[in-house]
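The values are calculated or read from the model by the stated rules, or taken from the named source; none is laboratory data. Please read all numbers here as calculations on a predicted model, not as lab measurements. A quick note on method: Cβ atoms are made from the backbone with ideal geometry, for glycine too, and the neighbour counts reach across all protein chains shown. Heavy atoms of the whole protein, side chains included, go into the accessibility calculation; ligands, DNA and RNA do not. Shrake-Rupley method; radii C 1.70, N 1.55, O 1.52, S 1.80 Å.
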2 protein chains.
Amino acid sequence: VINTRVLLAKRPAPKMDESCFRLELIPLAAPGPGEVVVRSRYLSCDPYLRLEMASERFALDQPIRARAAGVIETSADPAWPEGTRVWGFFDWADFSVVPTSALHRVSADTTLSQAIGAQGMNGLTAWVGALDFGRPQPADTVVVSSAVGSVGSIAGQLAHLAGARVVGIAGSEAKLRHAVDDLGYDAAVSYRGAHPLGEALTAACPNGIDVYFDNVGGAVLEAVLPLLRPQARLAMCGSISRYDDPSSTAPDLSRLMGSGATAQWFSVHHHLHRLPQVSAAIGRLLVDGALTYVETFVDGIEHAPTAFLQSLHGDHVGKVLVRIGDVN
Amino acid sequence: VINTRVLLAKRPAPKMDESCFRLELIPLAAPGPGEVVVRSRYLSCDPYLRLEMASERFALDQPIRARAAGVIETSADPAWPEGTRVWGFFDWADFSVVPTSALHRVSADTTLSQAIGAQGMNGLTAWVGALDFGRPQPADTVVVSSAVGSVGSIAGQLAHLAGARVVGIAGSEAKLRHAVDDLGYDAAVSYRGAHPLGEALTAACPNGIDVYFDNVGGAVLEAVLPLLRPQARLAMCGSISRYDDPSSTAPDLSRLMGSGATAQWFSVHHHLHRLPQVSAAIGRLLVDGALTYVETFVDGIEHAPTAFLQSLHGDHVGKVLVRIGDVN
């Protein structure tokens, strides 16, 4: 079997484009003791990978390794038989050789794609930031940037379910409509609109902002700061806007001095023990139709770089996944 | 009676010096219904006033109004008889006319100076930041900047009493010695020493930093960031180092992304309901000798500007107070 893999060809410094990646076709290795070969079905495209690709976390000329879900193709571990549906950190490749200690089972009532999306780390990230840390109350105004993205779309809907007034920030008319019409945002404003974001936000948040779930940082965070109410909570999830320009000036958070505001640069990895319960809860909300989650599929491992760039810069809504082979 | 008052003559933009203040001698007004005349004994010199003087919170050519403690001299409110010991926000003046709704009684077991220091807002600020928010554990390393100042000295000692390893940051050999010898810090490092602060901190905090109580911001905060452990807590109390240079670059806190760190720009005003209990608890620690609090007195209302500048830039330890008239 010839395996197709996507390697990191060069670091994204400063810009990330297709030239950062290279395809490689090599014979598939056999699994050693305690290992399996996983046939990947879905690769998760998440903006945070941009930071890892720029750092020493990924080696050059080695496969990108990221969240993915698939099925065990061949096994050298009796506890993990062929056909088991799993997720974990796999190569950007059709097949990955993985130690079974790094595998997670996907329960029968979860699709493979949602196991690495709404019912996986994206959902847990949204839950931890929007609910555990944000603690939205019915009288609160919650603002979410990347409002229709893989994490933001769940964060906004969870805050809405908690009874808060929820305002989304996104970059196109289609996204703003999707936020209000499909995701239940009370209002949505553009950071590329006719009016400066600060004015649009002021109009959409007449009582100020109690909770800000930030996926983008930079100028959007800057526009949010003056509107924060006393004792506001800032769930700091990402700063996509600065990934391509790390030298750009960060907002001066010392302006919050004395405001009682709290910011948390939370990591889902400190909350992994909650994944089974949160995944089940989000699964019920999806089945009930109380939660909407849009998945965008890009077919074929060779298009993984394109799909990833789309997740960083694209005009998609919801989650971008690379889909490999038959749909499961 | 001729009253001596200190007025804000010009805003500190950019520098704060004696020319920002002006003395005024005017006849003392009589109290109206529901008002009293307070004879001030102590004026509290706190760096945060620097920010208020630069903002519209203080009007030009009007008296500075800040925390002070004194005794009711004449009263037009039967509930507040002459001789009552009180604290509140009074003019920088020998006498202030104050509505009794703005007065707080000072209990008999508290000195007037400590009612606006260790057992007042300074103590409550330290308690809220170091204990409520910082939650120091015995295995934790807690770092405090302005380690021997009016707030920092209590914050460090409270964290030490909670069992944490406590490291202070200060700017002179005398302060470092005072921190370790008198206040019980496990170590103290200088931000003006022979070695860069980052190196000194790394040596003093071999396990990293779990809690940082920040009074200064700027370059000191910058040096702390790389040493923070996962899920660190940053109690953001002040940023003295930037008050004279607001255009200086603020540390980029987005570097904490994914670390699980939490920062709170807490305000003591959101926790005022706790003052009676915290004041009593700190009073017991002071009487027991478990807590040390140094007070520096500058005598005479005419020296209030000098005393305030000393609290901002000076080489004192502990609390700076203007003392007026006989000691009480």
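Which residue, of B:Gln277, B:Gln310, is modelled with pLDDT of 95 or more and either outside any loop (DSSP other than H, G, I, E, B) or out of contact with any helix residue (DSSP H, G or I) (no Cβ under 6 Å at 6 or more places or on another chain) (or both)?
That would be B:Gln277, the only listed residue that is modelled with pLDDT of 95 or more and either outside any loop (DSSP other than H, G, I, E, B) or out of contact with any helix residue (DSSP H, G or I) (no Cβ under 6 Å at 6 or more places or on another chain) (or both).
For the condition open to solvent by 10 Å² or more (accessible area, probe 1.4 Å), aliphatic (A, V, I, L, M) and outside any loop (DSSP other than H, G, I, E, B), what is the one hit in A:Leu25, A:Leu60?
Values: A:Leu60 fails: outside any loop (DSSP other than H, G, I, E, B).
Answer to the check: A:Leu25.
Could you please let me know if A:Asp109 is closer than 20 Å to A:Leu321 by Cβ, of a type outside the set (Lys, Arg), within 14 Å of chain B (Cβ to nearest Cβ) and in a loop (DSSP other than H, G, I, E, B)?
Details: closer than 20 Å to A:Leu321 by Cβ: yes; of a type outside the set (Lys, Arg): yes; within 14 Å of chain B (Cβ to nearest Cβ): no; in a loop (DSSP other than H, G, I, E, B): yes.
Spelling it out, it is not the case that A:Asp109 is closer than 20 Å to A:Leu321 by Cβ, of a type outside the set (Lys, Arg), within 14 Å of chain B (Cβ to nearest Cβ) and in a loop (DSSP other than H, G, I, E, B).
Report, by residue number, each residue of the stretch B:49-76 that is modelled with pLDDT under 95 and either among the aliphatic types (A, V, I, L, M) or under 18 Å from B:Leu28 (Cβ atoms) (or both).
If the condition is that a residue be modelled with pLDDT under 95 and either among the aliphatic types (A, V, I, L, M) or under 18 Å from B:Leu28 (Cβ atoms) (or both), then B:Leu49, B:Leu51, B:Met53, B:Ala54, B:Ala76 are the ones that fit.
Within the stretch B:289-301, identify whether any single residue is touching a Gly at 6+ places or on another chain (Cβ under 7 Å), more than 10 Å from chain A (Cβ to nearest Cβ), of a type in the set (A, V, I, L, M, F, W, C) and assigned to a loop (DSSP other than H, G, I, E, B), and answer yes or no. Give the steps one after another, and end with the answer.
Of the residues in the stretch B:289-301, the ones touching a Gly at 6+ places or on another chain (Cβ under 7 Å) are B:293-296.
Imposing the further condition that a residue be more than 10 Å from chain A (Cβ to nearest Cβ) reduces the set to B:293-296.
Those still in the list that are of a type in the set (A, V, I, L, M, F, W, C) too: B:294.
After this cut, where a residue has to be assigned to a loop (DSSP other than H, G, I, E, B) as well, the list is B:294.
Yes, the stretch B:289-301 has at least one match.
Which numbered condition trips up B:Asp252, out of (1) open to solvent by 40 Å² or more (accessible area, probe 1.4 Å); (2) at pLDDT below 95; (3) charged (D, E, K, R)?
(1)
Any idea which residue in the stretch A:239-269 is nearest to B:Ala263 (Cα to Cα), counting only those that are more than 7 Å from chain B (Cβ to nearest Cβ) and in a loop (DSSP other than H, G, I, E, B)?
A:Pro251
Looking at A:Leu309, A:Leu275, which one is in contact (Cβ under 8 Å) with a residue 60 or more places away in the chain and within 25 Å of A:Leu161 (Cβ to Cβ)?
Working: A:Leu309 fails: within 25 Å of A:Leu161 (Cβ to Cβ).
It is A:Leu275.
Can you tell me how many residues within the stretch A:146-170 are of a type in the set (Ser, Thr, Tyr) and surrounded by fewer than 24 Cβ atoms within 10 Å (Cβ to Cβ)?
So the count comes out to 0.
When you go through A:Asp109, A:Asp140, A:Asp94 one by one, which is the residue that is closer than 28 Å to A:Leu312 by Cβ and open to solvent by 10 Å² or more (accessible area, probe 1.4 Å)? It would help to see each step written out before you state the result.
Working: A:Asp109 fails: closer than 28 Å to A:Leu312 by Cβ; A:Asp140 fails: closer than 28 Å to A:Leu312 by Cβ.
That would be A:Asp94, the only listed residue that is closer than 28 Å to A:Leu312 by Cβ and open to solvent by 10 Å² or more (accessible area, probe 1.4 Å).
State the number of residues belonging to the stretch A:29-57 that are farther than 27 Å from A:Arg242 by Cβ and outside any loop (DSSP other than H, G, I, E, B).
Adding up the residues that qualify gives 8.
For the stretch B:223-238, enumerate the residues that are open to solvent by 10 Å² or more (accessible area, probe 1.4 Å), within 12 Å of chain A (Cβ to nearest Cβ) and not basic (Lys, Arg).
If the condition is that a residue be open to solvent by 10 Å² or more (accessible area, probe 1.4 Å), within 12 Å of chain A (Cβ to nearest Cβ) and not basic (Lys, Arg), then B:Leu225, B:Leu228, B:Pro230, B:Gln231, B:Cys237 are the ones that fit.
If you check B:Ser279 against the conditions, is it in contact with a Gly (Cβ under 7 Å, 6 or more places away or on another chain), at the interface with chain A (Cβ under 7 Å from one of its Cβ atoms) and buried (at least 19 other Cβ atoms within 10 Å of the Cβ)? Explain how you work it out, then say what you get.
Values: in contact with a Gly (Cβ under 7 Å, 6 or more places away or on another chain): yes; at the interface with chain A (Cβ under 7 Å from one of its Cβ atoms): no; buried (at least 19 other Cβ atoms within 10 Å of the Cβ): yes.
Considered against the rule, which asks whether it is in contact with a Gly (Cβ under 7 Å, 6 or more places away or on another chain), at the interface with chain A (Cβ under 7 Å from one of its Cβ atoms) and buried (at least 19 other Cβ atoms within 10 Å of the Cβ), B:Ser279 comes out as no.
If we scan the stretch B:132-143, do we find a residue that is part of a helix (DSSP H, G or I), within 14 Å of another protein chain (Cβ to nearest Cβ), of a type outside the set (A, V, I, L, M, F, W, C) and under 20 Å from the mean Cα position of the chain (by Cα)?
yes
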